[in-house]
1. For the range 68-205, what is the accessible area per residue in Å², given a 1.4 Å probe and the full set of protein chains?
2. Of the chymotrypsin sites (Phe, Trp or Tyr not before Pro) in the range 99-205, which ones lie in a loop per DSSP and count no more than 16 other C-beta atoms within 10 Å?
3. If you take the Cα Rg of the range 127-205 and divide it by 2.2 N^0.38 Å, with N the number of residues, what do you get?
4. Just to confirm the filter: which trypsin sites (Lys or Arg not before Pro) across the range 39-118 are DSSP coil and have at most 12 other Cβ within 10 angstrom of their Cβ?
5. Projected onto the charge dipole of the range 132-205 (+1 at Lys/Arg Cβ, -1 at Asp/Glu Cβ, origin at the Cα centre), which of 186, 140, 165 gives the Cα projection farthest towards the positive end?
6. Using a simple charge model, +1 on the beta-carbon of Lys and Arg, -1 on the beta-carbon of Asp and Glu, nothing else, what dipole does the range 102-205 show about its Cα centre, in debye to the nearest 20?
7. Below 30 Å, Cα to Cα, which lysines can residue 72 reach? Residues fewer than 8 away in the same chain don't count.
8. Select from the range 140-192 those GluC sites (Glu not before Pro) which occupy a DSSP coil region and have at most 16 other Cβ atoms within 10 Å, ordered by residue number.
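The values are calculated or read from the model by the stated rules, or taken from the named source; none is laboratory data. Note that the structure is predicted; figures quoted are calculated from it, not measured. Note that each Cβ is placed from the backbone with ideal geometry, even for glycine, and that neighbours are counted across all protein chains shown. When the accessible area is computed, the model is the full protein with side chains, heavy atoms only, and any ligands, DNA or RNA have been set aside. Shrake-Rupley method; radii C 1.70, N 1.55, O 1.52, S 1.80 Å.
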Amino acid sequence: MKKSFTLLELIFTFMLIGIISSVAYTSVRSSKLDLATSRILLYLEHTKYLASIQNHYNKEEDRWFKKLWTFKFQRCRKSVGGLYFIVYSDKDMDGFIDKNETALDPLTSRHLYSSNWCNEKSALNNKYVLLSNQYNIQSVEVSCNATSSIGQISFDQFGRIYSKLDSNEFTNEIKNDCIITIKDENEEENRIKISSKTGFITQIE
């Protein structure tokens, strides 16, 4: 039986408390854009933390890199419109992400998942990942995007950060700071920087 926390767990716990406090404060005083930004910051940090405690590196296992924890921006169905995100590890490596392969939300203990129907009333979906429905976010741009979609950020347990996962995974490690630009319906924007050198995730003021 585990009787004590590791230093890493304690550091993450204090960090999480700080971010949650910030999210709660932001929800009271700021715009939906600021709230969406705070949520994305929190869940990016959570994705990074999950990667740091789960060793998926196994060069003997074919397609092992698909298991790396990933934060991915998605588009809802055209008939619905809007944007959302999920946080996942493709554990069975089949390329299809189901709810049970997504991370649990540290704020609500619900999966950080939505189908592309983006229905916030669905029992499967976590409303906090629905960027357009919940926060009126109209666009997201990821400067380091190497995919055909909006973009994704993947982490391994060594602190490396990837913009795409494939058989040449190390060629997709980000070498320059990655900037995520989030815009609302009024064309107001916030930006988040992921440092390629330190891995720090911060909002650009």
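1. Solvent-accessible surface per residue comes out at 49 Å².
2. Listed in order of number, the matching sites are 117, 158, 200.
3. 1.17
4. Answer in residue order: 59, 77, 78.
5. Of the candidates, 165 comes out farthest on the positive side.
6. My answer is approximately 280 debye.
7. In chain and number order, the partners are 32, 48, 59, 91, 99, 121, 127, 164, 175, 183, 193, 197.
8. 185, 187, 188
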